[in-house]
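Undergrad: Please find one structure pasted underneath; my questions will follow.
The values are calculated or read from the model by the stated rules, or taken from the named source; none is laboratory data. Quick caveat: nothing in here was measured; it's all calculated off a predicted structure. Note that each Cβ is placed from the backbone with ideal geometry, even for glycine, and that neighbours are counted across all protein chains shown.
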Amino acid sequence: MEWQTYSFLVGEFEQSYDHLQTVLKENEKYSTAYSLLGKVCEKLGRKDEAVAVYEKGIGVASSQGDMMPANEMQSALISFVVVLINPI
């Protein structure tokens, strides 16, 4: 298991955020990192950044034919935006 994934799973969102930023600086085509970073941004309450990360990640994943991460981020983005518009 990668460190940034472990950090996310144990609730260390700031640490996970920092690790994912580093990963994406080294490889901006790592589509799965965008998916996890979007989730981390959601957990940290960084709403605008979460939307931007998901949108960029969808573009990166789609351009590489990584349809599973692209579809996952598309679903996460739609769900997140729906909650923003209609909070319970």
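Undergrad: Just for the stretch 53-88: of the residues that are in a helix (DSSP H, G or I) and of a type in the set (Val, Ile, Thr), which one is farthest from Leu20 (Cα to Cα)?
TA: Among those residues, the one meeting the criterion is Ile85.
Undergrad: For the structure I just gave you, tell me whether Val83 is of a type in the set (A, V, I, L, M) and modelled with pLDDT under 95.
TA: Here the answer is yes, as Val83 does meet what is asked.
Undergrad: Kindly provide the set of residues from the stretch 34-52 that are of a type in the set (A, V, I, L, M, F, W, C), out of contact with any Ser or Thr (no Cβ under 6 Å at 6 or more places or on another chain) and under 14 Å from Asp18 (Cα atoms), ordered by number.
TA: Residues satisfying the conditions are Leu36, Leu37, Cys41, Leu44.
Undergrad: Among the numbered conditions (1) modelled with pLDDT of 95 or more; (2) touching a Pro at 6+ places or on another chain (Cβ under 6 Å), tell me where Cys41 comes up short.
TA: (2)
Undergrad: Looking at the stretch 44-71, which of its residues are among the charged types (D, E, K, R), out of contact with any Leu (no Cβ under 9 Å at 6 or more places or on another chain) and modelled with pLDDT under 95?
TA: Asp48, Asp66
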